[in-house]
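The structure appears right after this line, and notes come after that.
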Amino acid sequence: MKQVKVTPEERLKELGLNLPAPRPAAGNYVSCVRTGNLIFTSGQGTNEYRGRLGEDVSVEIGYDAAKQCMLNLLTVLKQELGELSKVKRVVKVLGFVNSTPDFTDQPKVLNGASDLLVQVFGECGKHGRSAVGMAQLPLNNAVEVEMIVEVEDEEGDLG
């Protein structure tokens, strides 16, 4: 019997998650750029999570913030591609954590984004990643995340 493949959108639904509305750019840039079979996203923060890790935001709340950033990024991809099943591989995630100088758990915070990618895309959601601490982020966001993904070519060829 043929096994039915679950789409990333169906996985999100199974997880009880919905993609948020697209966020407008806050400056003179676009939410993503496609070159060949790669999409480079702009950084996405959240309106819901503000503050500094190690000061007024816990690792657990930071994890949730990173997860929300990733949901925002998935919205960008869905808007660009029409459907998330066109993602062949998540290549790289870069996360910025608004944190105090002595805070060293940036990787634990960024697991919120990484865990969601693996839950939604399975093996092709595993990626290279950098998690860095920042003295401040725009609008006092707790976390900002960007990524690079490989996608099907424009003709739909799985190449």
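The values are calculated or read from the model by the stated rules, or taken from the named source; none is laboratory data. Bear in mind that the values here come from a model prediction, so they are computed numbers and not experimental data. Glycine also receives a Cβ, built like all others from the backbone with ideal geometry; neighbour counts cover every protein chain displayed. With ligands, DNA and RNA removed, areas are computed over all heavy atoms of the protein, side chains included. Shrake-Rupley method; radii C 1.70, N 1.55, O 1.52, S 1.80 Å.
A few points about this structure:
- Sum of side-chain charges, I39 neighbourhood, beta-carbon under 14 Å (Lys, Arg +1; Asp, Glu -1): -1
- Each Lys or Arg adds one and each Asp or Glu subtracts one; over the other residues with Cβ under 13 Å from the Cβ of N111, this totals 0.
- Dipole magnitude of the chain, debye to nearest 20 (Cβ charges: Lys/Arg +1, Asp/Glu -1, about Cα centre): 120 debye
- Once each of the trypsin sites (Lys or Arg not before Pro) sitting in a DSSP loop with at most 15 other beta-carbon atoms within 10 Å is removed, the chain keeps 6-125 as its longest stretch.
- Size descriptor, Kirkwood hydrodynamic radius, that averages inverse alpha-carbon separations across the stretch 1-41, Å: 13.6 Å
- For the chain, calculated [θ]222 nm from helices alone, where every DSSP H run of n ≥ 4 adds -39500 (n - 2.57): -9500 deg cm²/dmol
- Extent of the stretch 1-107 along its three principal axes (Cα atoms, max minus min coordinate, largest first): 53, 38, 24 Å.
- Dipole orientation for the chain: of the candidates T7, Q106, L53, T7 has the Cα lying most toward the positive pole (charges on Cβ; Lys, Arg +1; Asp, Glu -1).
- Ligands, DNA and RNA left out, the 1.4 Å accessible surface of the stretch 76-159 is 49% carbon and sulfur atoms.
- Top of G36, G27, G122 by mean-square fluctuation, Gaussian network on the chain, Cα under 10 Å: G27
- Shape of the stretch 111-151, Cα gyration tensor, a/c cut at 1.5: prolate
- Extension gain for S58 to N18 (0.36 nm times residue separation, less C-alpha to C-alpha distance): 12.0 nm.
- Unit Cα scatterers, Debye sum, the stretch 79-143: log10 I(q)/I(0) for q = 0.12, 0.16 Å⁻¹: -0.37, -0.61
- Solvent-accessible area per residue for the stretch 23-159 (1.4 angstrom probe, square angstrom): 48 Å²
- The lysine pair tally for the chain, using Cα distances under 16 Å and a gap of 8 or more places or different chains, is 14.
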